[in-house]
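Trainee: Below is a structure I'd like to ask you about.
The values are calculated or read from the model by the stated rules, or taken from the named source; none is laboratory data. Predicted model, so just to flag it, every value in this text is computed and none were measured. Neighbour counts run over all protein chains shown; Cβ positions are idealised from the backbone, glycine included.
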Amino acid sequence: MSPRVKGVLLGLVLLAAGGAAGAVGMRIYDFHLAKEWMQRAPVDKRNALLAHVLDRRLDLDDTQRERLKEALEAQRPAFEALVAESAPRRAELRQELVEECRSFLRPAQFRRLERLNDVATLREQGGLP
């Protein structure tokens, strides 16, 4: 095999490997974004996404799809109560982390962290999307 053909084949292999690595990386990033969104999204949006995913993964028929929506809606008040109940503890843990980070962050970094914490607190209280 000539060096030129080897070079072309090597280039094609590297291109395919790069494409595969990029696809895997995007899938991981998408999963991260979905997970982050699910932690912040309102309950009705979470339920809609969960119903969609289960519908696709389980190949639900129309009756099953409707019963799943009913089951998710029935659980909604309990889930909302759980989220509201845990909000003060989440805020407390977040504040403890901020205070612990004060010891190793530079002043400018710490100010940015405090602003991020303020945004997270507002979001949790329903003040931000």
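Trainee: I'd like to verify a number: residues in region 70-113 that are hydroxyl-bearing (Ser, Thr, Tyr) and closer than 30 Å to residue 48 by Cβ, how many?
Mentor: Taking region 70-113 and keeping what is hydroxyl-bearing (Ser, Thr, Tyr), we get 86, 103.
Restricting the remaining residues to those that are closer than 30 Å to residue 48 by Cβ gives 86.
Residues meeting the conditions: 1.
Trainee: Can I ask one more? Please enumerate the residues belonging to region 61-91 that are acidic (Asp, Glu), in a helix (DSSP H, G or I) and modelled with pLDDT of 90 or more.
Mentor: Of the residues in region 61-91, the ones acidic (Asp, Glu) are 61-62, 66, 70, 73, 80, 85.
Filter once more, so that each one left must be in a helix (DSSP H, G or I): 62, 66, 70, 73, 80, 85.
If the condition is that a residue be acidic (Asp, Glu), in a helix (DSSP H, G or I) and modelled with pLDDT of 90 or more, then 62, 66, 70, 73 are the ones that fit.
Trainee: Select, from 128, 122, the only residue that is assigned to a loop (DSSP other than H, G, I, E, B), out of contact with any Phe, Trp or Tyr (no Cβ under 9 Å at 6 or more places or on another chain), surrounded by 10 or more Cβ atoms within 10 Å (Cβ to Cβ) and at pLDDT below 90.
Mentor: Just a single option satisfies the conditions, and that option is 128.
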